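The values are calculated or read from the model by the stated rules, or taken from the named source; none is laboratory data. Since this is a predicted model, take the numbers as computed values, not measurements. Here the Cβ positions follow ideal geometry from the backbone for every residue, glycine too, while neighbour counts run over all protein chains shown. Heads up: the accessible areas ignore ligands, DNA and RNA and are worked out on the full protein's heavy atoms, side chains in. Shrake-Rupley method; radii C 1.70, N 1.55, O 1.52, S 1.80 Å.
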Amino acid sequence: MLKVDLHCHSTVSDGVLAPSDVAAYARKGGVDVWALTDHDEVGGIKAARKAAGELGMRFVAGVEISVTWANETVHVVGLQVDEDNPALIAGLAATRNGREQRAREMAAQLEQAGIPGAYEGALRYVANPDLMSRTHFARFLCEIGVCDTTSEVFRRFLTEGRPGYVPHRWATLAEAMGWIRGAGGIPVIAHPGRYRFSDTAQGVLFDEFRQLGGNTIEVVTGSHTPDQYAIYAELARRYGFLASRGTDFHAPGEARVEFAELPPLPSGVTPVWHDWF
């Protein structure tokens, strides 16, 4: 059975390893088929593809696009995209626009909460200044001892109602899916169990996603609890969706599960890669 991981991040967005090092880490964890899906950026794909080939892994070009839906941020992964597609490149650039101002506003809020220097501190963790994110701030807060883990940071800071939270309006669902499909890719709703939607709202999201041509959700992901694997497998069956799988890797030891530990998809679902090879 192939071990497939279709959700990973590198220093091109908010990961801590270069694309080639993520490839090596994934291979060490037993991965056979691997996708790099950096946030709103495809700049690491060529290096990732080269490294995967040298390591004997099959490679899938991907991206994770930030979407604003019902005033919440939803992530849509695109798999099998053409990273040179002009409309995709332009759309991602537009989505990245405004991150610096947002980051400065986040830092100002943290300073008011008694944590000075957060912008400069977070910047030390950023390889791509166009993609400064909450994760970079979280790593800085751990560095200075405000929190022990990034999970603790997101309980105390940087989320709605907490210091450092600044909303940003991303792409629409229709725009993101148009860019992915226009680049020959497959749109996937990433880690659906992470969003704070009621069952009704989640159903509306899935219906709109399907109407826009989507047919895949992440079922097994490092952002889901083991109980949620079964929940989203059942939802995939109910909606007729294909199922995807990925660690949502950002850094060694930072995710809920490592490459070697992520379980296979539950029985009764059809993997998104069922007809790729």
Checklist entry - Do we find a residue being surrounded by 17 or more Cβ atoms within 10 Å (Cβ to Cβ), within 28 Å of residue 151 (Cα to Cα) and of a type in the set (Asp, Glu) anywhere in the stretch 190-207? => result no
Item to check | Answer residue from the stretch 195-223, given it is in contact (Cβ under 8 Å) with a residue 40 or more places away in the chain and part of a strand (DSSP E or B) and is nearest to residue 180 (Cα to Cα) among those | outcome: 216
Checklist entry - When you scan the stretch 55-94, how many residues do you find that are part of a helix (DSSP H, G or I) and touching a residue at least 12 places away in the same chain (Cβ under 8 Å)? => result 7
Next on the checklist: Being open to solvent by 10 Å² or more (accessible area, probe 1.4 Å) and closer than 21 Å to residue 84 by Cα is the filter here; which residues of the stretch 2-47 pass it?
Outcome noted: 11, 12, 18, 19, 20, 39, 41, 42, 43, 46, 47
Checklist outcome for this item: Within the stretch 224-261, residues open to solvent by less than 10 Å² (accessible area, probe 1.4 Å) and in contact (Cβ under 8 Å) with a residue 60 or more places away in the chain come out as 244, 246, 247, 249, 251, 259
Next on the checklist: With the structure loaded, tell me whether residue 88 is open to solvent by 10 Å² or more (accessible area, probe 1.4 Å) and touching a helix residue (DSSP H, G or I) at 6+ places or on another chain (Cβ under 7 Å) or whether it fails that test.
Outcome noted: no
Checklist entry - How many residues are modelled with pLDDT under 95 and open to solvent by 10 Å² or more (accessible area, probe 1.4 Å) when one looks only at the stretch 122-142? => result 12
Checklist entry - Across the stretch 103-121, which residue is nearest to residue 78 (Cα to Cα) among those that are open to solvent by 30 Å² or more (accessible area, probe 1.4 Å) and touching a residue at least 24 places away in the same chain (Cβ under 8 Å)? => result 105
Next on the checklist: Quick check on this structure: which one of 127, 174, 138, 107 is out of contact with any helix residue (DSSP H, G or I) (no Cβ under 6 Å at 6 or more places or on another chain), part of a helix (DSSP H, G or I) and of a type in the set (A, V, I, L, M)?
Outcome noted: 174
Checklist entry - Looking at (1) closer than 30 Å to residue 49 by Cβ; (2) assigned to a helix (DSSP H, G or I); (3) open to solvent by less than 10 Å² (accessible area, probe 1.4 Å), which is the one condition that is false for residue 179? => result (3)
